[in-house]
Amino acid sequence: MLTTLKKSGLAVAAACLMIFSPLSQAGDDASIKGDLRSNIKASMNQYIDGQTINGSMYLFDSAQGKLLKMELVELHEGIVKKGDFYVSCADFVDQHGNAIDVDFLVRARLDQLITTQAIVHSFDGNKRKYHLEKL
C-alpha cells in the first residue's frame, strides 16, 4: 500500500512538473533537424537507458554533494548547440518529489553522436549556470 501511495505521489508530482514548470520551455535551434536531431535524441535515450536501474537514474549532484535518485518524466524536444556540444534536457523527479532538470551533452565522434555527460541544470526550479567553452 505504501509503495502504491509513493508511486502515485511521484506520478502527481511528475504531472504537475509537466503542466506548471517553465523548465519545459527550453530553447530549440531549428537548424538542427532530420537525422541529426533524431540521432541526438537516440543518443540521449541510450544514455538514460544505460544509467537507469529499476526505473531510477542516479546522478551525483556536486552542488549539493549528494547522489540523486530520479525517475524520468519527459525528454524535451528542444536541442541547442553550445560550444562543441549539442544540448537538450529532460525533466526528472526525485524520491522526495523535487523537480530536477538535467541537461545532456552530446558530441560527434566520427560518424556517431555520443552523450558524454549529464548535468543538473535546475533543482526544484532553481536554475544553475554552467559554461561550455571550446576546448
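The values are calculated or read from the model by the stated rules, or taken from the named source; none is laboratory data. Since the structure is predicted, the reported quantities are computational estimates derived from the model, not experimental observations. Note that we place each Cβ from the backbone using ideal geometry, even for glycine, and neighbour counts take in every protein chain shown.
Structure data summary
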{"item": "Looking only at region 39-97, and only at residues there that are among the acidic types (Asp, Glu) and in contact with a strand residue (DSSP E or B) (Cβ under 7 Å, 6 or more places away or on another chain), the one that is farthest from Thr116 (Cα to Cα)", "result": "Asp94"}
{"item": "Residues of region 32-58 satisfying the condition of being surrounded by fewer than 17 Cβ atoms within 10 Å (Cβ to Cβ), of a type outside the set (Ser, Thr, Tyr) and either farther than 21 Å from Val80 by Cβ or in contact with a Leu (Cβ under 6 Å, 6 or more places away or on another chain) (or both)", "result": "Asn39, Asp49, Gly50, Gln51, Ile53, Asn54, Gly55"}
{"item": "Members of region 88-99 found to be in contact (Cβ under 8 Å) with a residue 40 or more places away in the chain and part of a strand (DSSP E or B), listed by number", "result": "Ser88, Cys89, Ala90, Asp91, Val93, Ala99"}
{"item": "Qualifying residue in region 115-133 (condition: touching a residue at least 40 places away in the same chain (Cβ under 8 Å), among the charged types (D, E, K, R), in a strand (DSSP E or B) and touching a Gly at 6+ places or on another chain (Cβ under 7 Å))", "result": "no"}
{"item": "Breaking point among (1) charged (D, E, K, R); (2) part of a strand (DSSP E or B); (3) loosely packed, with under 15 Cβ neighbours inside 10 Å, for Asp103", "result": "(3)"}
{"item": "Conditions (1) part of a strand (DSSP E or B); (2) more than 27 Å from Ser31 (Cα to Cα); (3) touching a residue at least 60 places away in the same chain (Cβ under 8 Å): number failed by Ala63", "result": "(1)"}
{"item": "Hits in region 19-39 (condition: under 13 Å from the mean Cα position of the chain (by Cα) and either in a helix (DSSP H, G or I) or modelled with pLDDT of 95 or more (or both))", "result": "Leu23, Ser24"}
{"item": "Test: Gln117 is polar (S, T, N, Q), surrounded by fewer than 17 Cβ atoms within 10 Å (Cβ to Cβ) and either in contact with a strand residue (DSSP E or B) (Cβ under 7 Å, 6 or more places away or on another chain) or closer than 21 Å to Met57 by Cα (or both)", "result": "yes"}
{"item": "For Met70: the one exception among (1) over 21 Å from Asp29 (Cα atoms); (2) part of a strand (DSSP E or B); (3) hydrophobic (A, V, I, L, M, F, W, C); (4) modelled with pLDDT under 95", "result": "(4)"}
